[in-house]
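> Please see the structure below; I have some questions.
The values are calculated or read from the model by the stated rules, or taken from the named source; none is laboratory data. Since we're looking at a predicted model, the values are computed, not measured. Neighbour counts are summed over all protein chains in view; Cβ atoms, including those assigned to glycine, are modelled from backbone coordinates with ideal geometry. In case anyone asks, the SASA skips ligands and DNA or RNA and just uses the protein heavy atoms, side chains included. Shrake-Rupley method; radii C 1.70, N 1.55, O 1.52, S 1.80 Å.
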Amino acid sequence: MIAVPIAASMTKEALKDMKEASKSADVIELRLDCIKDLGLEILLAKRIKPVIVTTRSKAEGGRSNISESRRIKLIEKAIDLGAEFVDVEFSLGSEKIKRIISIRGKTKVIVSYHNFKGTDEKEIIAKYEKIKRLKPNVIKIVSFANSIDDNAVMLRLLKTAKKEGKDLIAFCMGEKGEVSRILCNFFGSFLTFASLCKGKESAPGQLDVKTLKGLYRINEFRNGEVFGLVGNPVKQSKGILIHNDAFKKLEMNKVYVNFLVEDLSSFVKSFRKLIKGFSVTIPFKREIIKLIDGVDLTAGKIGAVNTVINENGKLIGYNTDVKGAINVIESKMKIKNKRVLMIGAGGVARAIGYGVKGKGGRLIILNRTVSRAKSLGNELKCEYGGLDKLNKIDKVDIIVNATSIGMVPKVNEMPLGKDKLRRIIKKGALVFDSVYNPRKTKLLKEAEKLGCNTADGYDMFINQADEQFKLFTGRRLI
Ligand SMILES: NC(=O)c1ccc[n+]([C@@H]2O[C@H](COP(=O)([O-])OP(=O)(O)OC[C@H]3O[C@@H](n4cnc5c(N)ncnc54)[C@H](OP(=O)(O)O)[C@@H]3O)[C@@H](O)[C@H]2O)c1
């Protein structure tokens, strides 16, 4: 279920938001502490969907300083008026909570614990146990995420509650808690919260109901397999759109989320038992190797992993960048015996370089930092040098841009000038740009003007994602 909180400051506005939210939410949370001219009777009389009535003090993250006795009266009134749920803070104390539970009638009582500073697993478990003893209908535990790993604490707690047959709402607050807001329902949370629309969030990290339902299919299944992208940054990636869309089309109970990771080692420890697989991006493609249990032949040779799968409890690394790039190049021109100039000597260059050599291409690596070109050149046993060599090299069949030059926002830049490009290319040459944002880079536009065949980074991205999807699911993306 998805609950949409209504945090309007006036009853009229709350009624309007409630009507709007009822179109997409399963439950409406009425935050009484936010409403200055509170008309509880009219709000409950006009409800279309079940409501959770709650009122919080400032110390509990609420907006007004209503006294405790007044807050309890409001909760009792909501029970009298037949609200489906009331939510009270654990800090109210056992006696007062027990009294509310004793008069609840058909109303279900949620007892909540919030920690606005951080997530401490021991403390969270202790609070869960204490609230459990009060026998409420639903337990709610929410804490602030200071790191991505805090989300795993909540997902583990949800697993425990599921085993014990308890209804629990558990997730993390804050930007770093976004993942648990998405995943909690898959792990059995009674519900998760979402904003009515973008811009109407009542807490940081809260996603809008359209995204939770449309992109992540929150209400469609539970106990599915979780995949994701591990990197820093991750926002730019199109993986969540591509993989989730394919899961949806193929009606698979799987979801893909972004994991913005700071400490890779601690992430792997926290999540290895919770997720089925993940994509790896900048800056972790090499660092991940020492944290997993094995790598396949290609990833081992390259020394870079972009996909990890949990195979019977063992994390195994793969590299789909190589196939992704080589498939795209070879769809336009066979590499064997061709002279291939690659500009760049970073992570992507490494994968493409191995692929080109594997296919029998004659590779030349030029890079701004000569020492990096030398190191990769020696490893791949090929010609290498600095960018000044662009003035001297013989004509080539294929040019590969494996640098970030030409990527947004600097879309007018090229890894080599027009004149150099004209001088270097053989007739009918292929120019491949690994940059995919924008899809048609300045380099590709100029290459087209010179009559070259071109291939773009978006196709490489889709190809590597397709290989990844095959590892995730055994099925093809495209
Ligand atoms: N299509 C796909 O699926 C896909 C996937 C991942 C990445 N990419 C693209 O590949 C690019 C490189 O990614 P990466 O992982 O290889 O990054 P990386 O490891 O950081 O390497 C960056 C490369 O770009 C060079 N470079 C950066 N700015 C430069 C400049 N102003 N002038 C000259 N050279 C410059 C660097 O040269 P130095 O060694 O001198 O710093 C290095 O060779 C990304 O920006 C992205 O556009 C595409």
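> Just one of (1) away from the ligand (no atom under 16 Å from the Cβ); (2) under 26 Å from Lys176 (Cβ atoms); (3) not basic (Lys, Arg) trips up Ser279, so point out which.
(1) is the only condition that Ser279 fails.
> Where in the stretch 196-287 are the strands (runs of 3 or more DSSP E), entirely inside, with at least 3 residues that are open to solvent by 10 Å² or more (accessible area, probe 1.4 Å) and at pLDDT 95 or above?
Because the criterion is at least 3 residues that are open to solvent by 10 Å² or more (accessible area, probe 1.4 Å) and at pLDDT 95 or above, the strands (runs of 3 or more DSSP E) in the stretch 196-287 that meet it are 254-260.
> Would you confirm whether or not the stretch 141-149 contains a residue that is in the same structural domain as Phe186 (by TED's automatic domain parsing) and more than 26 Å from Leu260 (Cβ to Cβ)? Lay out the reasoning, then the answer.
Of all residues in the stretch 141-149, those in the same structural domain as Phe186 (by TED's automatic domain parsing) come to 141-149.
Now narrow it down to the ones that are more than 26 Å from Leu260 (Cβ to Cβ): none.
No: the stretch 141-149 contains no residue that is in the same structural domain as Phe186 (by TED's automatic domain parsing) and more than 26 Å from Leu260 (Cβ to Cβ).
> Scanning for something open to solvent by less than 20 Å² (accessible area, probe 1.4 Å) and at pLDDT below 95, does the stretch 391-408 turn up at least one residue?
Scanning the stretch 391-408, I find at least one residue that is open to solvent by less than 20 Å² (accessible area, probe 1.4 Å) and at pLDDT below 95, so the answer is yes.
> Further question on the same structure: Specify the residue that is nearest to the ligand (Cβ to nearest atom); the eligible residues are those in the stretch 396-448 that are under 19 Å from Ile364 (Cα atoms) and among the acidic types (Asp, Glu).
Ranking the qualifying residues of the stretch 396-448, first place goes to Asp433.
> Scan the stretch 16-59 residue by residue and report those that are assigned to a helix (DSSP H, G or I), surrounded by 21 or more Cβ atoms within 10 Å (Cβ to Cβ) and among the small types (Gly, Ala, Ser).
Ala21
> What is the residue count in the stretch 340-362 for residues that are within 20 Å of Lys427 (Cβ to Cβ) and either among the basic types (Lys, Arg) or open to solvent by 20 Å² or more (accessible area, probe 1.4 Å) (or both)? Lay out the reasoning, then the answer.
Applying the first criterion (within 20 Å of Lys427 (Cβ to Cβ)) to the stretch 340-362 yields 340-341, 361-362.
With either among the basic types (Lys, Arg) or open to solvent by 20 Å² or more (accessible area, probe 1.4 Å) (or both) added as a condition, the list becomes 362.
The qualifying residues number 1.
> So, one more: Which residue pairs have Cβ atoms closer than 6 Å, lie 6 or more positions apart in sequence or on different chains, and pair a first residue in the stretch 160-172 that is buried (at least 24 other Cβ atoms within 10 Å of the Cβ) with a second residue that is of a type in the set (Asp, Glu) and not in a loop (DSSP other than H, G, I, E, B)?
Cys172/Asp150
> May I pose another question? Within the group Asn327, Asn337, which residue is farther than 21 Å from Ile424 by Cα, open to solvent by 20 Å² or more (accessible area, probe 1.4 Å) and of a type outside the set (A, V, I, L, M)?
After ruling out the rest, the residue left standing is Asn327.
> Oh, and also: Just the residues that are in a helix (DSSP H, G or I), within 12 Å of the ligand (Cβ to nearest atom) and out of contact with any helix residue (DSSP H, G or I) (no Cβ under 8 Å at 6 or more places or on another chain), please, taken from the stretch 348-387.
Those that are in a helix (DSSP H, G or I), within 12 Å of the ligand (Cβ to nearest atom) and out of contact with any helix residue (DSSP H, G or I) (no Cβ under 8 Å at 6 or more places or on another chain): Val370, Ser371, Arg372, Ala373, Lys374, Ser375, Leu387.
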